[in-house]
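A short worksheet on the structure shown next.
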Amino acid sequence: MDAFECIASKLDIREFSGGKVPDDIVVRVLEAARSTGSGSNTQHWHFILVRSTGDLSRLAESCPYGPWVGEADFAVIVLTASRWSFHLFDAGRVVQDMQLAAWNQGVSSCLTTVFTEGSVRIEFNIPMEFSLSAVVGFGYPRRRVLGRKRRKSLSEIVSLERYGNPFIPG
Ligand SMILES: Cc1cc2nc3c(=O)[nH]c(=O)nc-3n(C[C@H](O)[C@H](O)[C@H](O)COP(=O)(O)O)c2cc1C
């Protein structure tokens, strides 16, 4: 898949089949994270790979808007160092890169940024220097993915030269 097609087709999927994602694809997703650029190349992040069914269930219990984490084949807890003002910007980039790398291999995913933070910190031994920035659940989709994205049109979100000047895609 070329890069644009990957971006344009990717959906956030919350229903997983239970199929096992091979280790080499899991590593590829983590390599995508490692390859992502960060502010001043600080690479201030850390990733916790969660694969065991018990830990996935425990993680899901702490994600009120991410019960689907419990059905994922694996999850990645994305930690970023909050002392950097841009750390959440980097978190967003790294999550998207992991999701796109997975999608390119037929593996779907979704993320959540809402947690019962205290319990996740204790359960997964997360030091206070890190912000608990995202949890991403990955797995093969339960159904064939046919969805269309619901997105605003370019003319609604783009201005030409000055804010408010209409942009008409050519
Ligand atoms: C910062 C951020 C936080 C999100 N949090 C959640 C969440 O807590 N639970 C969830 O199910 N989806 C979450 N999502 C997924 C969004 O709902 C999804 O990206 C959006 O609906 C577009 O989905 P689509 O690309 O499949 O059309 C989040 C996405 C982003 C970018």
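FYI, it's all coordinate maths here, none of it is from the lab. On a predicted model such as this, the values are computed, not experimentally measured, just so you know. Here Cβ is always computed from backbone atoms with ideal geometry, including for glycine, and neighbour counts include all displayed protein chains.
Things to note:
- Theoretical FRET efficiency, 1/(1+(r/R0)^6), r = Cβ-Cβ of Ser52 and Val145, R0 22 Å, to 0.05: 0.25
- Reach of Lys149 by Cα under 17 Å, taken over aspartates and glutamates that are not fewer than 8 positions away in the same chain: Glu5, Asp12, Glu15
- Cut-off 16 Å (backbone N to label point 7 Å along Cα→Cβ of Phe4), residues of region 136-170: 154, 169-170
- FRET efficiency estimate (nearest 0.05) - Cβ-Cβ, Leu88 to Asn125, R0 25 angstrom: 0.70
- Semi-axis lengths, largest first, of the ellipsoid equivalent to region 3-143 are 22, 19, 12 Å, with √(5λ) applied to each eigenvalue of the Cα gyration tensor.
- In sequence order, region 130-143 has phi-based couplings of 9, 7, 7, 9, 6, 10, 10, x, 10, x, 6, x, 5, 10 Hz under the Karplus curve 6.51 cos²θ - 1.76 cosθ + 1.60, θ = phi - 60°, and Gly or Pro positions carry x.
- Percent RCO, i.e. relative contact order, over the chain, from Cα pairs under 8 Å lying at least 6 residues apart: 30 percent
- Among 32-44, 132-144, 55-67, sorting by the average number of other beta carbon atoms lying within 10 angstrom of each residue, highest first, gives 132-144, 55-67, 32-44.
- Between the helical axis of 23-35 and the longest alpha-carbon principal axis of the chain there is an angle of about 60 degrees.
- Contour excess over end-to-end distance, with Cα ends at Ser17 and Ser40 and 0.36 nm allotted per residue: 4.4 nm
- On Cα atoms only, tilt of 87-103 relative to the major axis of the chain in degrees: 90 degrees
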